[in-house]
1. Restricted to region B:198-230, and to residues that are out of contact with any strand residue (DSSP E or B) (no Cβ under 9 Å at 6 or more places or on another chain) and charged (D, E, K, R), which residue is nearest to the other protein chains (Cβ to nearest Cβ)?
2. List the number of the failed condition for A:L201; all other conditions in (1) crowded, with 20+ Cβ neighbours inside 10 Å; (2) under 29 Å from A:N91 (Cα atoms); (3) among the aliphatic types (A, V, I, L, M) hold.
3. Find all pairs meeting these conditions: Cβ atoms under 9 angstrom apart; at least six residues apart or on different chains; first residue within region B:111-133 and farther than 19 Å from B:E84 by Cα; second residue among the small types (G, A, S) and outside any helix (DSSP H, G or I).
4. Restricting to region B:399-414, what's the tally of residues that are under 24 Å from the mean Cα position of the chain (by Cα) and within 12 Å of chain A (Cβ to nearest Cβ)?
5. Which pairs have Cβ atoms under 6 Å, sit 6 or more apart or on different chains, and link a residue in region A:289-313 that is closer than 17 Å to B:T384 by Cβ and more than 7 Å from chain B (Cβ to nearest Cβ) to one that is part of a helix (DSSP H, G or I) and of a type in the set (A, V, I, L, M)?
6. Among the residues in region A:273-288, are any within 30 Å of A:D43 (Cα to Cα) and among the basic types (K, R)?
7. Show the residue pairs meeting these rules: Cβ distance below 9 Å; 6+ apart or different chains; first residue within region B:9-30 and within 13 Å of B:L44 (Cβ to Cβ) and assigned by TED's automatic domain parsing to the domain that holds B:V64; second residue among the basic types (K, R) and exposed (fewer than 14 other Cβ atoms within 10 Å of the Cβ).
There are 2 protein chains.
Amino acid sequence: MSIEITKDFLSALADCIREQNSKQAHEMLADLHPADIAEFFPDLDLEEQSFLMSLMDNEVSAAVLLELEEDDRKKLLKLLSPKEIAEELINEMDTDDAADIISELSESQKDEVIAQLEDKEHAQDIVDLLRYDEDSAGGLMRKEFVKVNKNWNVLTAVREMRKQAEDLEEVYSIYVVDDDNVLLGTLSLKKLLTTSSNTKLEEVYNKNVHFVKADDENENVAKVIQKYDLMEIPVVDELNRLLGIITVDDVIDVMKEEADEDYQLAAGITRNVDADDSIWTLTKARLPWLLIGMFGGLCAASIIGGFSTALQNFPILLLFVPLIQSTAGNVGIQSSAIIVQGLANGTIKDGVWKLLWKEFLLGLLNGLGIAIIVLFFSHFWFGTPYLVSATICLALVTVIIIAATIGTFIPLFLEKRGLDPAVSTGPFITTSNDIFGVFIYFMIAKMILGF
Amino acid sequence: MSIEITKDFLSALADCIREQNSKQAHEMLADLHPADIAEFFPDLDLEEQSFLMSLMDNEVSAAVLLELEEDDRKKLLKLLSPKEIAEELINEMDTDDAADIISELSESQKDEVIAQLEDKEHAQDIVDLLRYDEDSAGGLMRKEFVKVNKNWNVLTAVREMRKQAEDLEEVYSIYVVDDDNVLLGTLSLKKLLTTSSNTKLEEVYNKNVHFVKADDENENVAKVIQKYDLMEIPVVDELNRLLGIITVDDVIDVMKEEADEDYQLAAGITRNVDADDSIWTLTKARLPWLLIGMFGGLCAASIIGGFSTALQNFPILLLFVPLIQSTAGNVGIQSSAIIVQGLANGTIKDGVWKLLWKEFLLGLLNGLGIAIIVLFFSHFWFGTPYLVSATICLALVTVIIIAATIGTFIPLFLEKRGLDPAVSTGPFITTSNDIFGVFIYFMIAKMILGF
């Protein structure tokens, strides 16, 4: 019931395009979901894409357009006049999607496209939505929903619902408001189907409704939807008046984007990139952290350089620099990742001091364990003198404890200052640990070995 | 319309519990969503939890139980008899949740609880679900859904739907099957409300339905739901017979868990832990990678040791070990993270060789950029001899290129072998880079400086 996109299919389609065989190409696309079409679309050149777009029903081409990456979409839209964009595409979209697409256009194009919209109500809804920050609940919401007045009875509600639902793809919830459009609750379709016709809605609607304010952050919307297992959530203004709804599919996209971003930050990538992006885009995303890491490495070199004359007596200390450094890095990343994730999921309930104390104990425990193994190797394998072994082990324990507490503290501190704690993972921790790890190591060496 | 859980609220609730004031405690809980109750529940001791559970309606206590972490849930369930578990909790749950809870019980408890279930149909559905792997579509699905026969007319369908929907919280889709229970399509509630009563379903149902097989992996289910923006998806057996449905809220939990797991793997944490877990649990999750990192560090020490007599002529080379090492680590993590994410999102379309070639070019570009800056510093700041500077720069470029290609290759290789590419990020890359980074550095030094 859903068609597999095979290589054979794609090459047959390519043949159709080459022969400009509109009829067969149209048939081949007919059974595909827009999301499937959007998947192979970027592999075609612009002319081919435009040929296929012209074959599809407006509804389908609008949906395909929405599924494309922004870059690919922009290229296609450049080929169309404002009138075509308005009538063939925007006209077919839900208000939230329409607003997203329009906000991607240039200022002049924006106005022209809006002016070309024939359905004035649709146009007004879209313009309303353009006001909201794209990262807020208002930026996610749509104006397509069914609302009923608490004073109506079931019969009137069903009739009204049929009227309102005409343009809607699907209805999951019906929102109940008072005469001032203040959100009061919801009415399930099931209830509507199973209650006698002359019952007043007042008596049957569900007063426990979760909602968000239009200026709530979209991450917050995602949390509420996830926590209460909702399919959609209504959006209200400061006076609790119903403005729109947000559906779970849009929220899933927000969650996915957020998770991807945090993952990339932890890996030292500063902007959202794909493996398929150009070398230049990838370099812009990757070079910043590499440069910061480089300066960290140069700082570490300076520190070692500062001790170098003294080190001539104990050159063996230098062998263990990579060990100290990588252990500090690994511990720091583990600690910060746990805190960053805990903050994102809202699972951290302990206070700062309790968390730091726990990390201290954890560092001590892990540090001692590792130090004992290292002691064994440094003595039997490398044959280091006792005092040097003691230096290495003490430095390991100290560095691990400090890396663990810093890894815990920094994200908590950033969160407190209203900054994104996710930036403090990955290379940030590695780089800072490169510097202080090496420094602590040699300071302890100086104390114990007295150079 | 939703109550904020404040500290005042919690301390007032604690007072009620202390005074065993059932009436007031019951009132305080009445307006809370089970998800809110579950949030502060773990902060109470077991006796207090059990007191509150006894006050709640069965429906609410069952929902709270489902929202708790597995550990907390198990402790509470230990206080109850199989009869209580069956009648007061399992009885109130949807089949998918019921099966999840029962599968957490010990073998003997399992049978006793199932034997105590009075609703035989419910019990049978649960037992059916217990057969499926918890990471498969079958393990996620529920048996609560509405299905209609294609030969019925709209009137019959509405009547049947009302009957079937009696036990359902909410209905989003109606599934159309033939006489053999083979899934044919869906019927929207909206359609049902807007079609005349004597129309046969055959004529109005939607044949384009996405579905999954019962043994599909749950990650795959999440991908399909996300791609096609679905609210729920039907699950079928090998003969396309309808077995159950999966709703989007369960899929969101799967996605969240998966993202958390990948993030933790990238940070070198081997099992799902929270900041609030015990030190012992955290150590078990963190020590394995620290030990692997430690052996990497010891290997690096051996390599440096192998060159040590030769290094006496050029001790300045040792200053730059942290630089080489951290740069290799950062590049490797970036490369592997991009590939791991691309594989997870299915956005990688290029072949292995093209990806490796791109990483090679990227490494060359970034490597040259960084090498030039380092050359400047090593010359003017550290005053290194020309040949040593040349060694450092050549080593940097080489190490960056190799780290980038290895970071790209390993996750692709793991994916090809059917292993989880996410394990190849974080400390895995750091550790392997510690070893070969140092080795390459000194080999190049040996070639250029001829020691």
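The values are calculated or read from the model by the stated rules, or taken from the named source; none is laboratory data. Every value quoted in this text rests on a predicted model; they were computed, and no experiment measured them. Using ideal geometry, Cβ is built from the backbone for each residue, glycine included, and neighbour counts are taken over all protein chains shown.
1. B:K227
2. Every condition holds for A:L201 apart from (2).
3. Note: pairs meeting the criteria are B:D125/B:G244; B:D128/B:G244; B:L129/B:G244; B:Y132/B:A214.
4. Looking only at that region, the number is 4.
5. A:C299/A:I435; A:I303/A:V438
6. Yes - at least one qualifying residue is present in region A:273-288.
7. Once the first residue is within 13 Å of B:L44 (Cβ to Cβ) and assigned by TED's automatic domain parsing to the domain that holds B:V64 and sits in region B:9-30, its partners that are among the basic types (K, R) and exposed (fewer than 14 other Cβ atoms within 10 Å of the Cβ) give B:C16/B:K23.
Residue-by-condition table, conditions (1) more than 15 Å from A:L394 (Cβ to Cβ); (2) surrounded by fewer than 19 Cβ atoms within 10 Å (Cβ to Cβ); (3) of a type outside the set (V, I, T); (4) touching a helix residue (DSSP H, G or I) at 6+ places or on another chain (Cβ under 6 Å):
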site	(1), (2), (3), (4)
A:P411	yes, no, yes, yes
A:S424	yes, no, yes, yes
A:S432	yes, no, yes, no
A:Y441	no, no, yes, yes
A:K446	no, yes, yes, no
